[in-house]
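The values are calculated or read from the model by the stated rules, or taken from the named source; none is laboratory data. Model, not experiment: these values are computed from the prediction. Please note: Cβ atoms are built from the backbone with ideal geometry, for glycine as well, and neighbour counts cover all protein chains shown. The area values use the complete protein model at the heavy-atom level, side chains included, leaving out ligands, DNA and RNA. Shrake-Rupley method; radii C 1.70, N 1.55, O 1.52, S 1.80 Å.
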Amino acid sequence: MNIEQAFKGKVAEHLENLSEDLRPILKKLIEFDYPKEVDTLVFEIFVDGFSSGFPVRAFFMDKDNSEHFIYVDGKAEYPSPVDPGFLKIEHVYPYELEEEYTSKDESLAPWDIATNELIEWFSKCWQAVGGQGFNLKANIAPHDSNHQFNLVESKWQNRW
């Protein structure tokens, strides 16, 4: 097994440990009755966040690709039944894991590997709780990426 495969395996183990916490959150998102203005759920991955929390955040976008908010007592809030930051955790994996593998191979791109593994895992969790029947669009991608993974259709597509 090469270094990249070994790192990918470790990331997958850490993500799998979070599945039972993520699935009920995704189920609530899938079953929620969104305001008619919400067209797409966009899950942004902030790739530098694997070792300092949960790197995914949900955004609720309208048909013009602008964030949609509802106002409660004059305060803007996300139209969401859950915290858009999902999981309040210390990290997906400890920083030392990245250090361990990049010290063995300086060309290793841990954030790219972890991001791809996260998208695959997130998609499986999404599908496991009925995501294929979601009646809006739902995509996951690294922040500022030109490509995104369509969670409803389970395929990659251009973002812009």
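Structure summary
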item: Loop-resident sites, the range 36-92, for GluC sites (Glu not before Pro), counting at most 13 other Cβ within 10 Å (DSSP); result: E90
item: Cα centroid separation, the range 35-76 to the range 87-160 (Å); result: 16 Å
item: Rounded tilt (10° steps) of 3-16 against the dominant C-alpha axis of the chain; result: 40 degrees
item: Point-charge dipole on Cβ atoms (K/R +1, D/E -1) for the range 75-125, about Cα centre, debye to 20; result: 400 debye
item: Accessible surface of the chain [probe 1.4 Å, protein heavy atoms]: carbon and sulfur percent; result: 47 percent
item: Dipole magnitude of the range 1-158, debye to nearest 20 (Cβ charges: Lys/Arg +1, Asp/Glu -1, about Cα centre); result: 580 debye
item: DSSP-assigned coil residues among trypsin sites (Lys or Arg not before Pro) in the range 79-160, each with at most 15 further Cβ atoms within 10 Å; result: K88, R159
item: Above-threshold pairs, the threshold being 21 Å between Cα atoms, out of K36/K124; K124/K155; K8/K104; K28/K137; K88/K137; K8/K124; result: K36/K124; K88/K137
item: Mean separation of Cα contacts under 8 Å (6+ apart) over length of the range 11-151, as relative contact order %; result: 33 percent
item: Interatomic Cα distance distribution for the range 8-160, bins of 5 angstrom, percent; result: 2, 9, 18, 22, 20, 14, 8, 4, 2, 1, 0
item: Summed side-chain charge close to F7 - residues other than F7 whose Cβ falls under 10 Å, Lys, Arg +1, Asp, Glu -1; result: -2
item: The chain, helix-only ellipticity at 222 nm - DSSP H runs n ≥ 4, -39,500 (n - 2.57), divided by all residues, nearest 500; result: -11500 deg cm²/dmol
item: The range 84-160 shape via C-alpha gyration tensor axes, a/c threshold 1.5; result: prolate
item: Order of exposure, largest accessible area first, which applies to S145, S103 with probe 1.4 Å; result: S103, S145
